[in-house]
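*Asks:* My questions will all concern the structure given below.
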C-alpha cells in the first residue's frame, strides 16, 4: 500500500507550477432540529465506538502477532461488521465520520511514535470532547450563505 503524501510533499511538487495546497476548515454554530440533534448524537457515539474499537483491535493484534493492524484491513472488516444485525445501528451514521475516527487512531499512533504525543487513549463519553469530523466528497457538504444553512451527510440542511 502506497504511503500517503503529506501536504508539505505535495506542495513541493505543486510549487513547480506556482501552486500551493491549503487546507481550510469552518467552525459554525448550528441550530439543528430535534431529529437532527438525535442524528448528531448518534454519529458522535458511533464515531467514539469506532475509534475505541479500532484502537482495541490494533492493540490486540499487536499483542498476539507483534504486527500492526493496517487501516485498509480493518476498514474492510468493519464494513462487513456494519452488515451484521447486532451492529446495524452503525449505518445510521455518516460513513465518513466513522472513517475519520479510524484515521484519528492511525494519526495518534504516528504522533506517538514521533514522540509528539502520549500513547493513544480510549475515548470516553464523559471525559472526551463530544465531536466528530467528516469529509466532503461528491458535494455531500454544501454551504448556502444566503439562507445561512449548511448541508451535512445524514442530516440534510441545518440552520447556522
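Where a number appears in this text, it was derived from the coordinates with a stated rule and is not lab data. Note that this is a predicted model, so its numbers are computed, not measured. Please note: Cβ atoms are built from the backbone with ideal geometry, for glycine as well, and neighbour counts cover all protein chains shown.
*Asks:* How high is the relative contact order of the chain, in percent, counting Cα pairs under 8 Å that sit 6 or more residues apart?
*Replies:* 26 percent
*Asks:* Now a separate question. Suppose a student asked you for the relative contact order of segment 42-113, using Cα pairs under 8 Å spaced at least 6 residues apart; what percent would you report?
*Replies:* Averaging sequence separation for qualifying contacts and normalising by length gives 48 percent for segment 42-113.
*Asks:* Which of 22, 48, 127 moves most in a GNM of the chain, Cα contacts under 10 Å?
*Replies:* Maximum fluctuation in the GNM of the chain, among the listed residues, is at 22.
*Asks:* Given a 10 angstrom Cα cut-off, can you work out which residue in 36, 116, 130 is the most mobile in a GNM of the chain?
*Replies:* In the Gaussian network model the winner is 116.
*Asks:* Build a GNM of the chain with springs between Cα atoms under 10 Å: which of 33, 65, 50 gets the top mean-square fluctuation?
*Replies:* So, out of 33, 65, 50, the one fluctuating most is 65.
*Asks:* Can I ask one more? Using a Förster distance of 30 Å, how high is the FRET efficiency between residue 56 and residue 6, based on the Cβ-Cβ distance and rounded to 0.05?
*Replies:* Once rounded, the FRET efficiency stands at 0.60.
*Asks:* Let me ask something else. Could you give the C-alpha radius of gyration of the chain expressed as a fraction of 2.2 N^0.38 Å, taking N as the number of residues it contains? If you can, show how the numbers build up before the last one.
*Replies:* Numbers: Rg = 18.0 Å, N = 160, 2.2 N^0.38 = 15.1 Å.
The chain yields a ratio of 1.19.
*Asks:* Now for a different question. Please arrange 160, 150 by counting, for each residue, the other beta carbons lying within 10 Å of its beta carbon, fewest first. Numbers along the way, then the final one.
*Replies:* On the way: 160 16, 150 19.
Going from least to most buried by this count: 160, 150.
*Asks:* With labels modelled as points extended 7 Å from the Cα through the Cβ direction, what inter-label distance (nm, one decimal) is found for residue 21 paired with residue 130?
*Replies:* 3.5 nm
*Asks:* Let me have the 222 nm mean residue ellipticity of the chain computed from DSSP H runs of 4+ only, each contributing -39500 (n - 2.57), with the sum over all residues rounded to the nearest 500.
*Replies:* Details: 4 runs with 71 residues, N = 160.
The helix-only estimate for the chain comes to -15000 deg cm²/dmol at 222 nm.
*Asks:* Between segment 67-109 and segment 19-36, what is the separation of their alpha carbon centroids in Å?
*Replies:* Taking the Cα centre of each part, segment 67-109 and segment 19-36 sit 22 Å apart.
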